[in-house]
1. Work out the count of Lys pairs in the stretch 11-99 where the Cα-Cα distance is under 30 Å, with the pair 8 or more places apart or on different chains.
2. If you wrap a convex hull around the Cα atoms of the chain, how much volume per residue is inside, in Å³?
3. From the residues 70, 25, 15, which one has its Cα farthest along the dipole of the stretch 9-92 in the positive direction, the dipole being from +1 and -1 charges on Cβ of Lys/Arg and Asp/Glu about the Cα centre?
4. Using each residue's phi in the stretch 9-24, evaluate 6.51 cos²θ - 1.76 cosθ + 1.60 at θ = phi - 60° and report the 3J(HN,Hα) Karplus result to the nearest Hz, with x for Gly and Pro.
5. Taking K and R as +1 and D and E as -1, what net charge do the other residues with C-beta under 12 Å from the C-beta of residue 47 add up to?
6. With a 10 Å radius around each residue's Cβ, average the other Cβ atoms per peptide and rank 52-64, 3-15, highest first.
7. If I fit a long axis through the Cα atoms of helix 54-67 and take the longest principal axis of the Cα atoms of the chain, what angle between them do I get, 0 to 90°, rounded to 10?
8. Work out, step by step, the length gained on full extension between residue 93 and residue 78: first 0.36 nm times the residue separation, then minus their alpha carbon distance; give nm to one decimal.
Amino acid sequence: MITEEERQSIINEAIEKALLRLPEVVGNLIMNQTNLLKINRTFYEKYPEFSSQKGLVASIVERIESENPGLDYSKILDKAVPLIREQIRTNSKLDLTTISKPSRKLPPLSDHGEL
């Protein structure tokens, strides 16, 4: 068994090591985020027709990312381009302005036999 003093010493040392590593971890996170922003900016510069469809792009990229875990983000974007184009083509054929309501008139009930 270890004494309470030894236990506390171990805890303090672990906390100190974790706190000393924190700036490195945060720095890596910031660098990764900056890199992703740069890749996204380059992607939208290369494909400006996608900039008005950012929600669609995000959903397709998320789907490809979930189907290919661990794949490099730039390769995910490359895989997404044909799917995004196809989806934009499909969406452009949809008419979202004309709304047709079905007829709610019921036919007469005379052809259903006697009661």
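1. Number of lysine pairs found: 13.
2. Roughly 339 Å³ of hull volume per residue.
3. After comparing all options, I get 70.
4. Calculated HN-Hα couplings, in order: 5, 5, 4, 4, 5, 5, 4, 4, 5, 5, 5, 5, 7, 4, x, 5 Hz.
5. +1
6. 52-64, 3-15
7. The angle comes out at about 70 degrees.
8. 3.0 nm
Quick note: the coordinates plus some simple rules give every number you see, no bench work behind them. This structure is a prediction, so every number in the text was calculated from the model and none was measured. Every residue, glycine as well, gets a Cβ built from its backbone with ideal geometry; the counts of neighbours run over all protein chains shown.
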